[in-house]
Every structure is written in structure tokens, then in C-alpha cells.
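K.L.:
Submitted below is the structure of interest, expressed as C-alpha cells.
The values are calculated or read from the model by the stated rules, or taken from the named source; none is laboratory data. Only a predicted model underlies this, so the values are computations on that prediction, with no experimental measurement involved. Glycine gets a Cβ as well: all are built from the backbone with ideal geometry, and neighbour counts include every protein chain shown. Note: accessible area is taken over every heavy atom of the protein model, side chains too, but ligands, DNA and RNA are not part of it. Shrake-Rupley method; radii C 1.70, N 1.55, O 1.52, S 1.80 Å.
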Amino acid sequence: MPASIESLLARVSKPARYSGGEWNSVTKRWDSTNVHIALAFPDAYDIGMSNMGIGILYDILNKIDDVVCERTYAPWEDMEAEMRREGVPLWSLETRSRIRDFDVFGFTLQYEMTYSNVLNMVDLAGIPVWAHERTDEHPIVICGGSGSFNPEPLSPFVDAFFLGEGEDAVVELTDLVRAWKAEKTPRRERLRHLLGRPGVYVPSFYEPRYDDSGHFAGLEPLVPEAPPRITRRIVEKLPPALVKPIVPFLQTVHDRAAVEIQRGCTQGCRFCQAGMIYRPTRERSPEEVVQAARELMQNTGYDELSLLSLSTTDHSQIVPMVNQLTSTFDNLKVGIPSTRVDSFSVDVANAVAKGKKHTLTLAPEAGSQRLRNAINKLVSEDDLLGAAENAFERGWTGIKMYFMVGLPTETREDVEGIVEMGKKVKAIGRKHVGGRARVRVSTSNLVPKPHTPFQWARQDTHDELQPKHFLLKDGCRSAGVEFSWNNPADSFIECVLSRGDRRVGAALYEAWRRGAKFDAWGEYFRAEHWREAFAVTGIDADWIAHREWDTQEVLPWDHIDCGVAKSYLRGQWRDVHSVKTVPDCHHGSCNVCGMQNFDALRGEDGVADCVVKLGKLVELKRGARNYEGEAVEMV
Ligand code: SF4
């Protein structure tokens, strides 16, 4: 008789990760409901609880009377050891039900380095890890989130991928589950029903093909109803904000209330996947945000509110919004998580800052103007130094700057430029706040991502990155600037999981079998697990990561349509080398990226509706040409 969950809680660290019962969590009776869906974040509770996507879907599903939606997170190693020793399968937090008893087991994929946890959680639930080994008694395992935009490495383990925004798709899923249970629909038929749903990719109905040299050559639909391309779902207007989030018992990474003030970003940074797959920008009005803030404070007791978006100070009404919030709520601390690098953003950050002003975060990404233009990060040195001047003058004592290393066309001068930038900002800091000035340079290694202009870029090898890190470390140290960098070994694995085809799944399985899990945590990541896995499965990981891909070759994610046209991305990739920039359509004219063809965004007069919806009617010039010189289709 397996041990009780209570007895396990007494034996592990942070038992509140597994106890459930938090404020605003929803517990329903299973015997009075039809549809049972488990939502999972493939990392520790402390990380997963701050994921707004899961919170939104949990809220929508539990608002449906006959639907139970419960949560589960990756058990920490001490709990996993107890579970495996005692034979206790993975359970849900709300009713401590076995995950394998749910109808659907859904994961959000936010980061490739959590993929080994997906396999581990499926296994801990007592569900066969390989999708083809599952039977009618097992839940349908689905995935959503940005990782689904190259689903192939996980395809052998996942029954269906939900592409894009899930608000409508999950409700439609409950209709299917209700019908399946009423009609006792066999598993294969259930998967076939999912095949027909917009935005859903069911990999078992497609066979990958490889050319004579063993390179990926495309996906073969195995049944007539399998669509050749799956287009992501998008919600035209943002649904009502999440105002009753679960309040965790223990400290989480973002321990405050949050409201999504806009979705999407069109600044066009060429390395940024979110900037492509969440287009176009859709805003919430200041009135909606103030109302949401009021309800959030009542429902959570938080006195801190984060204004969430990919680029918060890009919201066209950020100033009136901040003024309304600070004038309506005396004791509310408002946080601006992501800011453009310019003085305006410092003014906004200053308008909300109450009490001590610690660290302002800026993301110039590259150390020279040439390289910033090449990656289309439209920030000038004056913007950055002006922002630093403004911040230190107004009492901030710290500035953290994010940069990337290993960018295409990067030179030694570009890397040295990062140190120079650090030095200049430190000098400005010293001028205003003396020895209290703290400047940090945090670098990440480029990981080329699908559906971006950099999807064809070559990733630097360990031996190429190391001297750059040493240069930065020495340069920053002598400038009194703090420096941090990413381990090239895990950036390499992230790249292979980002760009791999279905064969990489076998390597993922072998790495997991060898103990790979919590790969996103430095203290758990083991490069040897992956090296051995690539060796036994014959995966040429260097081929995937360390070469420039041909812009005409078939990509393992070509069957996924994120809305932005491949021709547009090709043009943008070409512009990297000609250092040609493209303006942000949110504040200017349309760049014809492909979203103009998105059904969900069509207005009555046939122009790119996402432009109209932004309240700026920018006539899409008839006869306009896209980057390939092809006439833009005005359907
Ligand atoms: S279609 Fe035009 S307006 Fe819409 S996201 Fe693309 S570039 Fe921007």
C-alpha cells in the first residue's frame, strides 16, 4: 500500500509546493463534473506559480461548471525520490488525484531546458513516456506555449500541440472531451478529432522524411484530413484580465499581482521569438487595467502590481495608465518589468517608483551601434547613456544591462563595446550616487530560435564563446562592473532542442534515462548526459547548432504557421548582413510581415486589420511589395 501523500510531505523540503489549498485555488467534486484537465508547469512550483498562461487557462476552465482543472508541477528531487521509493504517482494539488486519472494532461512549454522534466513528469504519473505506447486508459498528453512552435523534438512523447493563444482552444477542447466520454471514443479517434481543430498539431498523423544525406526533408501527412500546415490561434481582442490568481503559500519568483497590459511586440528584434509568434500588439485600455488592479488587490491582498508585457513602456497609453493607477491607489507599488532603453522609460519607471529605487533594467543587447542595427535593436548609445543619466539623477543606485554574445556578424570590437558601455554607465553612476553606483552586465549566448530571422544563424561554439566571456570578465572587473554569463554547454543543448527534428526526441529520451532533469538549473544540468545521448542516438548536434542554415532548406518547423511569412524572415535575415533596420509598426507603418493575411485579424475594408485595431489607419499601399519583391496579397 503506497505511503500517504501527507507522510511524504513531512519528509521533504518546502512541502507547500505540493500541499495545494492556496487562496483562490478551485476545488470541485469529481463525481459532479464531466471533464477533468490537469495543467502542468514542467519546473518547480516556485517558478511555475508565476506563469500567467497557466493561471489564465485555469481560471477559464474552472469557470465552466462541469469542468475540473487542477495543477501539478515538477517534484523537486527529494520529493521525487520519496515518490519513486513509495510508489506514489504524480498527483494534482487541488484534490490530490492521480494525474493518470485525468482526461487531459497539459503542459506549457516556456523553455527548452524544461523538456526533460516533461518526460520525467509523464513517467512519474505512471503514463507511458512514448506516446505510441499509450492506451485508452491514459490521458491525452498535450502541450502549448512558445516551445510548441518547433514541436518535433517532443513529438514522440506528446499526443497533440496547441499552437498560439489558448483561451478559445481550451474551451473547445472541453466540448470534445465531453463528447468522447459520452460516446466512449477510442484513443485513436480522439486524436483524429483533434487533428481537425484549428491550431492543433497531432504528430502521430505525420511521418518525417529525410533526404539521401539524412537531412530533414519534410513531413508526410498520413491521412487526408491532416492539414499540411497548422496555423496558430490568436485572440483578436484580449479577454478580461485574470483578477483572481492563486496566491501561493511560499515565496515564488514573482511574488506579486500582475496584469497583462498588452500582448505582442513589433519592435522587430531579429533574435526574439516572442516578437514574432505573439504578433500583433493588442492593448488593454488604462480603464481596464485600473479595474483589474482594484479586483486583484481585493482578491489577493497583494500591494504590489506588475504591468506585464513584452515591452511595457511601448503601450500607447502607458503614461495615463500609470497616472491613473498611482492616483487611484495610494499604497500600491507598481512594477514595470520590461522597459525600452530610453529616457521616456526612466520617466515612466520614476512615476511609479515609491521608496528606495534599487535597480533599473535595460536591454541594449549589443555593444555597438552597427550590431544593434544589424539585430534591429533600435537603441542608440545616446538613448542608453541618457537613460542612465536620468535614472541615477533620480536616485536609482543600480543599472542592470542585458547583452547577447555570439550574434551574427559580431566582431571583437562589438564585444569590447559592451565593456565600454559598462564603463560609461558606471562613470555616470559615480557622478550622481558616488560609490553606491552598481552596474551589472548580464550576457546570454545567442540561441537561434525558430520563426525568427535568426532561425538560420550559426551558434558560436564553446571555444568561440569562451574568449569572449574572458574578455568581458576581465574588462568589466577592471571597470568595477559586475558581470555574469551563461554556460555555453547549456546554450548548446537549448539550441539543439530549439532547432532539432523528430530524431532529437530519441536523444532527449536517452538523456532523461541517464538522469537529465531540471536542466534549467545550473546545479542540475549535466552536459555528459546529453553528450552520451547524442552519441548513442547518432544525433549530429554540431550540425544542428554550429552551422549557418541555408535559407532554401526545409525547416523542421515549416509545417507550423506563426503568421509571420518565411519570406519576411528571409528578408530580415538578409538585412542583418546589410545592417538595414526596420521600424516598429506599432508606432508606424506596416512592414507587411505576413500578419496582414491572418483571418482572425481581418476588418471590413481589407487592409491589415491589426493596423486598424491599433487605432492607426495606415493605408497598406496597394501594390506594396514584400521582401522577396512579391506583390503583397490583398485578400
Ligand atoms: S502585418 Fe503589418 S502591422 Fe501587422 S504586425 Fe505585421 S508589420 Fe505589423
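K.L.:
What percentage of all Cα-Cα pairs in the range 1-133 are separated by more than 24 Å?
P.N.:
Numbers: 2200 of 8778 pairs.
The calculated P(r) of the range 1-133 puts 25 percent of pairs beyond 24 Å.
K.L.:
Whole Å is fine, so just give me how far the alpha carbon centre of the range 74-144 lies from that of the range 267-334.
P.N.:
Taking the Cα centre of each part, the range 74-144 and the range 267-334 sit 34 Å apart.
K.L.:
Among bridges DSSP assigns within the chain, what percent are antiparallel (round to 5)? Display every interim value, and only then the final one.
P.N.:
Working: 12 of 56 bridges.
Of those bridges, close to 20 percent are antiparallel.
K.L.:
According to the Kirkwood expression over distinct Cα-Cα pairs, how big is the hydrodynamic radius of the range 444-511, in Å?
P.N.:
Working: mean 1/r = 0.0730 Å⁻¹.
For the range 444-511, inverting the mean 1/r across all distinct Cα pairs yields 13.7 Å.
K.L.:
Starting from the Cα-Cα distance between Arg188 and Phe470, subtract it from 0.36 nm times their residue separation and give me the gain in nm to one decimal. Intermediate results must be reported in sequence, preceding the final value.
P.N.:
Details: separation 282, 0.36 × 282 = 101.52 nm, distance 5.41 nm.
So the chain would gain 96.1 nm between Arg188 and Phe470.
K.L.:
A further question on this structure: Rounded to the nearest percent, how much of the accessible area of the range 2-231 (1.4 Å probe, protein heavy atoms only) is carbon and sulfur?
P.N.:
Details: 4550 of 8390 Å².
Within the range 2-231, the accessible surface is 54 percent carbon and sulfur.
K.L.:
I need the calculated FRET efficiency for the pair Ser478 and Glu304, taking r as the beta carbon distance and R₀ as 45 Å, to the nearest 0.05. Provide the component values of the computation, followed by the final result.
P.N.:
On the way: r = 37 Å, r/R0 = 0.83.
Taking R0 as 45 Å, the efficiency between Ser478 and Glu304 is 0.75.
K.L.:
Using Stokes-Einstein with the Kirkwood hydrodynamic radius over Cα pairs, what translational diffusion coefficient do you get for the range 192-350 at 37 °C and a viscosity of 0.692 mPa s, in µm²/s rounded to a whole number? Each step should come with its number before you reach the end.
P.N.:
On the way: Rh = 18.8 Å.
Answer, rounded: 175 µm²/s.
K.L.:
Report, in debye and to the nearest 20, how large the dipole of the range 384-526 comes out about its Cα centre when Lys and Arg carry +1 and Asp and Glu carry -1 on their Cβ. Walk me through the numbers on the way to the answer.
P.N.:
On the way: 23 positive and 18 negative charges, 97 e Å.
Around 460 debye, computed over the range 384-526.
K.L.:
Still on this structure: Provide the FRET efficiency to the nearest 0.05 for the Asp347-Ser380 pair, computing r from the beta carbons and using R0 = 22 Å. Before the final figure, lay out each step's value.
P.N.:
Details: r = 17 Å, r/R0 = 0.79.
Efficiency, rounded to the nearest 0.05: 0.80.
K.L.:
Carbon and sulfur: what percent of the range 413-534's accessible surface (1.4 Å probe)? Intermediate values should be presented prior to the final figure.
P.N.:
Details: 2320 of 4750 Å².
Solvent-exposed carbon and sulfur of the range 413-534 make up 49 percent of the total.
K.L.:
Nothing charged except the Cβ atoms of Lys and Arg (+1) and of Asp and Glu (-1): what's the magnitude of the dipole of the range 2-231 about its Cα centre? Round to the nearest 20 debye.
P.N.:
Numbers: 23 positive and 36 negative charges, 88 e Å.
Here the range 2-231 has a charge dipole of around 420 debye.
K.L.:
Would you grab the residues whose amide H sits under 5 Å from the one on Leu39? Only those 5+ places off in sequence or on another chain, please, with H modelled 1.01 Å from N.
P.N.:
Long-range HN contacts for Leu39: Glu70, Arg71, Thr72, Gly106.
K.L.:
Quick one: longest stretch of the chain between exposed loop trypsin sites (Lys or Arg not before Pro), exposed meaning at most 12 other C-beta atoms within 10 Å and loop per DSSP? Working shown, then result.
P.N.:
Values: sites that count: Arg29, Lys63, Lys184, Arg229, Lys237, Lys354, Lys356, Lys621, Arg622.
Value returned for the longest uninterrupted segment is 357-620.
K.L.:
Follow-up. Considering the dipole of the chain built from charges on the beta carbon (Lys and Arg +1, Asp and Glu -1) around the Cα centre, which of Leu194, Leu163, Trp396 is farthest to its positive end?
P.N.:
Among Leu194, Leu163, Trp396, the one farthest towards the positive end of the dipole of the chain is Trp396.
K.L.:
So, with +1 on the Cβ of K and R and -1 on the Cβ of D and E, and no other charges, what is the size of the charge dipole of the chain about its Cα centre, to the nearest 20 debye?
P.N.:
Details: 77 positive and 90 negative charges, 272 e Å.
In debye, rounded to 20, the chain gives about 1300.
K.L.:
Right, something else. Using the structure shown, list the pairs from Lys181/Lys449; Lys426/Lys468; Lys424/Lys580; Lys377/Lys424; Lys426/Lys449 with a Cα-Cα distance above 29 Å, or answer none. Write down the numbers at each step before the final one.
P.N.:
Values: Lys181/Lys449 39 Å; Lys426/Lys468 21 Å; Lys424/Lys580 27 Å; Lys377/Lys424 20 Å; Lys426/Lys449 33 Å.
Table pairs above 29 Å Cα-Cα are Lys181/Lys449; Lys426/Lys449.
K.L.:
Then there is this: Once both labels are modelled 7 Å past Cα along the beta-carbon direction, what's the Glu523-Trp23 spacing in nm?
P.N.:
2.9
K.L.:
Follow-up question, since we're still on this one. Any idea how far apart Arg430 and Asp65 come out in nm if each label point goes 7 Å out from Cα toward Cβ?
P.N.:
In this crude label model, Arg430 to Asp65 measures out at 7.1 nm.
K.L.:
Residues of the range 488-519 with backbone nitrogen within less than 15 Å of a virtual label 7 Å along the Cα-to-Cβ line of Val536, please, listed as ranges.
P.N.:
505-517, by backbone N distance to the label point.
K.L.:
Given 4 °C and 1.567 mPa s, how large is the Stokes-Einstein diffusion coefficient of the chain in µm²/s, with Rh as the Kirkwood radius over Cα pairs?
P.N.:
Diffusion coefficient, whole number: 50 µm²/s.
K.L.:
GluC sites (Glu not before Pro) within the range 1-89: which are DSSP loop residues with at most 10 other Cβ atoms inside 10 Å? Walk me through the numbers on the way to the answer.
P.N.:
Values: sites: Glu6, Glu22, Glu70, Glu77, Glu80, Glu82, Glu86; in loops: Glu22.
Those that pass, being in a loop and sparsely packed, number zero.
K.L.:
Now for a different question. In whole angstrom, how far apart do the alpha carbon centroids of the range 554-568 and the range 226-257 sit?
P.N.:
So the separation of the two Cα centres works out to 24 Å.
K.L.:
List the residues, sorted by chain then number, that are 5 or more residues from Ile230 or on another chain and whose placed amide H is less than 5 Å from its amide H.
P.N.:
The answer is Ile560, Asp561.
K.L.:
Tell me, what HN-Hα J-couplings in whole Hz come from the Karplus equation 6.51 cos²θ - 1.76 cosθ + 1.60 at θ = phi - 60° for each residue of the range 214-223, using x for Gly and Pro?
P.N.:
x, 8, 4, 10, x, 10, 9, x, 9, 9
K.L.:
Now for a different question. Using a 1.4 Å probe, what is the accessible area per residue for the range 375-533, in Å²?
P.N.:
That works out to 38 Å² per residue.
K.L.:
Given all pairs of different Cα atoms, what value in angstroms does the Kirkwood hydrodynamic radius of the range 2-231 take? If you can, show how the numbers build up before the last one.
P.N.:
Numbers: mean 1/r = 0.0548 Å⁻¹.
After inverting the pairwise mean of 1/r, the radius is 18.2 Å.
K.L.:
What share of all Cα pairs of the range 328-469, in percent, falls into each consecutive 5 Å distance bin?
P.N.:
Calculated over all Cα pairs of the range 328-469, the distribution is 2, 10, 19, 20, 17, 13, 10, 6, 3, 1, 0 percent.
K.L.:
Distance from a point 7 Å along Cα→Cβ of Arg96 to each backbone N in the range 13-34: keep the residues under 13 Å and list them by number.
P.N.:
Flagged as within label range: 16, 18-21.
K.L.:
Next up: Between Arg178 and Leu250, what is 0.36 nm times their sequence separation minus the Cα-Cα distance? Round to one decimal in nm. Could you put the intermediate results ahead of the total?
P.N.:
Working: separation 72, 0.36 × 72 = 25.92 nm, distance 3.54 nm.
Gain on extension, Arg178 to Leu250, equals 22.4 nm.
K.L.:
For the range 2-231, what is the accessible area per residue in Å² when the probe is 1.4 Å? Intermediate results must be reported in sequence, preceding the final value.
P.N.:
Values: 8390 Å² over 230 residues.
Each residue of the range 2-231 exposes 36 Å² on average to a 1.4 Å probe.
K.L.:
Kindly provide log₁₀ I(q)/I(0) values, in the same order as q = 0.21, 0.22 Å⁻¹, from the Debye equation applied to equal alpha-carbon scatterers of the range 71-133.
P.N.:
Listed by q, the Debye log ratios stand at -0.90, -0.99.
K.L.:
To continue, here is another question. Once you place label points 7 Å from the Cα toward the Cβ at Asp330 and Glu225, how far apart are they in nm?
P.N.:
For Asp330 paired with Glu225, the spin-label model returns 6.2 nm.
K.L.:
Based on alpha-carbon positions alone, could you give the equivalent ellipsoid semi-axes of the range 1-61 from the gyration tensor, as √(5λ), descending, whole Å?
P.N.:
On the way: eigenvalues 101, 66, 21 Å².
Sorted largest first and rounded, they come to 22, 18, 10 Å.
K.L.:
Per DSSP H run of at least 4 residues, take -39500 (n - 2.57); add these up for the chain, divide by its residues and hand me the 222 nm value, nearest 500 deg cm²/dmol.
P.N.:
Numbers: 22 runs with 225 residues, N = 635.
Calculated mean residue ellipticity at 222 nm is -10500 deg cm²/dmol.
K.L.:
List the residues, sorted by chain then number, that are 5 or more residues from Ser444 or on another chain and whose placed amide H is less than 5 Å from its amide H.
P.N.:
Phe403, Met404, Val405
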